Amino acid sequence: MRIGVYPGTFDPLTLGHMDIIRRGAKLVDKLIIGVATNPSKSPMFTLEERKAQVRLEVEGIAGVEVVEFDALLMTFAERVGASVIVRGLRAVADFEYEYQMAGMNQQLNASIETVFLMADVALQPIASRLVKEIAVYGGDIRKFVTPRVAADVVARVAETGLRGS
């Protein structure tokens, strides 16, 4: 069985992430979505909330499992028996970062391959960071996330009083 890992913070899960999940799931028998704790970021949603969002959105995609992780990506990939890391690329800036990470990951475990999927052209500008910023300033995020995620983001902005001026 070929197992792949698609890691990320998913704060929030975007249509770009969903595109990579759907396409990545076709490349492996099982795609594990690794929802990372990522202490270097200040997420809008808790780890549990992010896992729940992802689980709800991937319900109908065969062979997809959602798991949290708080470790080096390669340690996590080894633990779940993955032979492939799936990463999405939007722009040249993504490539530079991902290229460096793939090189480091190969040094840690050369038997796990990194596969890059180019984001759908219509979804390339979407970034979780920008979705949150648009929401904070009262913008319409429905073009970038699913209706359920949009409702979650809008509710979180309202409850935390993050509304910009």
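Computed from the coordinates by the stated procedures, all read-outs in this text should not be read as laboratory data. None of the values given here were measured: they were computed from a predicted structure. Note that each Cβ is placed from the backbone with ideal geometry, even for glycine, and that neighbours are counted across all protein chains shown.
Within 11 Å, Cβ to Cβ, of Val84, how many net charges do the neighbouring residues add up to if Lys/Arg are +1 and Asp/Glu are -1? Write out the running numbers ahead of the final one.
On the way: positive: Arg2, Lys30, Arg87; negative: Asp29, Glu113.
Once positives and negatives cancel, what remains is +1.
Report, ordered by chain and residue number, the aspartates and glutamates lying within cross-link reach of Lys143, taken as a straight Cα distance under 19 Å and ignoring same-chain residues fewer than 8 apart.
In chain and number order, the partners are Asp11, Asp19, Glu57, Asp120, Glu133, Asp152.
Within 15 Å, Cβ to Cβ, of Ser40, how many net charges do the neighbouring residues add up to if Lys/Arg are +1 and Asp/Glu are -1?
Working: positive: Lys41, Arg129; negative: Asp11, Asp70.
That sum, taken over residues with Cβ under 15 Å, equals 0.
Quick one: net charge around Lys30, please, counting Lys, Arg +1 and Asp, Glu -1 for every other residue with C-beta under 9 Å from its C-beta. Before the final figure, lay out the partial values.
Working: positive: Arg2; negative: Asp29, Glu65.
Local net charge: -1.
Rounded, prolate or oblate: which fits the chain when a ≥ b ≥ c are the square roots of the eigenvalues of the alpha-carbon gyration tensor, with rounded for a/c under 1.5 and prolate only if a/b beats b/c? Mind dumping the intermediate values first?
Details: a/c = 1.75, a/b = 1.67, b/c = 1.05.
Prolate is the answer for the chain, as a/c is 1.5 or above and a/b outweighs b/c.
For Phe69, enumerate residues with amide H under 5 Å from its amide H, sequence gap 5+ or separate chain, H modeled in the peptide plane.
Val35, Ala36, Thr37
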